[in-house]
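In what follows, a structure is listed as structure tokens, so that the remarks can point back to it.
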Amino acid sequence: MRVVCTRKQRRSSLLNSTAGPAGFTLTELLIVMAILVLLVSMIGPRLLGSKQKADINAVKTQIGMFQSALERFAVDMNRFPASEEGLMALVSEPTADGGSGGDSEDGGGTAGGNSGSSWDGPYLKTETLPTDPWGNAYSYEYPPTHNSLDVPDIWSFGPDGQENTDDDIVSWTGDGSGSGESDE
């Protein structure tokens, strides 16, 4: 026996089979939202920790770049820049009175050696001194007070911007009189 369906009956059965609930239920949406919140709460802190590690590594690389530039400066000038000259001596020629390119604050004396005549800079590939990832200037000191070597002390105050805290990133190793991470 053969059942014959009319065209109207076929269309009706097709509509009934596809006419189920349209869209998602509130329960399904809440479950998806809970899963998304869980994933973000697990992955978010890892991403933020990666950013902080990247910033710290950038500071260590920058300090290494300063050290290399200072070594080239010392080869040319037979001395490191004095604290008064600071890192600015890497981008503009120090004046005879120990300042950098006319920007001397107090005209302090040179750390010995030649005047600016042997300067073969700039020793950095930028016109201005870079700042750390948190927007703070790097600190510089010569003669050093934090290490026993005759090389300048260079440091960043770190994310908090405060000196002598645990998050300072420094060029010297060992205990010294400063705290913070050493640049190794």
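Quick note: the coordinates plus some simple rules give every number you see, no bench work behind them. These numbers were taken from a predicted model, which means no experiment stands behind them. Glycine gets a Cβ as well: all are built from the backbone with ideal geometry, and neighbour counts include every protein chain shown.
Within the shell of other residues whose beta carbon sits under 9 angstrom from the beta carbon of Tyr140, the net charge comes to -3, with Lys and Arg scored +1 and Asp and Glu -1. Mind running the shape call on region 35-99? Use the C-alpha gyration tensor, a ≥ b ≥ c as the square roots of the eigenvalues: rounded below 1.5 for a/c, prolate if a/b tops b/c, oblate otherwise. It comes out prolate by the Cα gyration axes. HN-Hα J couplings of region 32-42 from phi, Karplus 6.51/-1.76/1.60, θ = phi - 60°, integer Hz, Gly and Pro as x? Those phi angles translate into 4, 4, 5, 5, 5, 4, 4, 5, 5, 5, 7 Hz. For region 55-71, 3J(HN,Hα) computed residue by residue from phi via the Karplus equation (6.51, -1.76, 1.60; θ = phi - 60°) reads 5, 5, 5, 5, 5, 4, 5, 4, 5, x, 5, 4, 4, 5, 5, 5, 5 Hz, glycine and proline entered as x.
Going by C-beta contacts inside 10 Å, put Arg79, Arg46 in order with the fewest on the left.
Working: Arg79 17, Arg46 8.
Listed from fewest to most nearby Cβ atoms, that is Arg46, Arg79.
Compared with the alpha-carbon gap, the fully stretched path from Asp166 to Asp76 is longer by 28.8 nm at 0.36 nm per residue. The amide H of Asp168, built 1.01 Å from its N in the peptide plane, has Glu181 as neighbours under 5 Å, considering only residues 5 or more places off or on other chains.
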